[in-house]
Amino acid sequence: MLHPGQRKPRRAFAIAGKTDLSYHKTSAPPSRLSRGHSPYTDSETGVHVSEYQPHLPPPSFLTLPKAAQYLGISANTLYVWRHRRQGPPSFRMGRRVMYRISALEEWVAAQESADSRSNPSRSPFSRPPQRRTARWKR
């Protein structure tokens, strides 16, 4: 018998050649389940269904908020940089602004090489002092 608000148990797709996985409902009603855990458990392995993730390649791009988190800056800063055409290259996918992870890494590397503190060849102290030119001619 199902408690109010409970759903019927679902069947998962084939995992490692098994076509029929029977799932059973835990005895606690959904309100008593710990947060983030699935009430459905694989009867053979005891693994929660929510813990199973199919083997998908990692995403190659991030949304703007996730890209900002990846760079360690605020999303608003990334919006401003995009508006000013500064910052890492981005593109639109539908309504969302997306950033390729490889483009973010290349942009960070370019920022590091352009900074005189992390690139000794750009340090002003590695060059001989320049002679000043006269501002006023007499």
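Scanning the stretch 61-81 for residues that are surrounded by 17 or more Cβ atoms within 10 Å (Cβ to Cβ) and not aliphatic (A, V, I, L, M) returns a single hit, F61. Here is a check on your reading of the model: is G87 at pLDDT below 95 and farther than 30 Å from N119 by Cα? No, not satisfied.
The values are calculated or read from the model by the stated rules, or taken from the named source; none is laboratory data. What you see is a predicted model, and the numbers here were worked out from it, not measured in a lab. All Cβ positions, glycine included, derive from the backbone under ideal geometry; neighbour counts span all protein chains shown.
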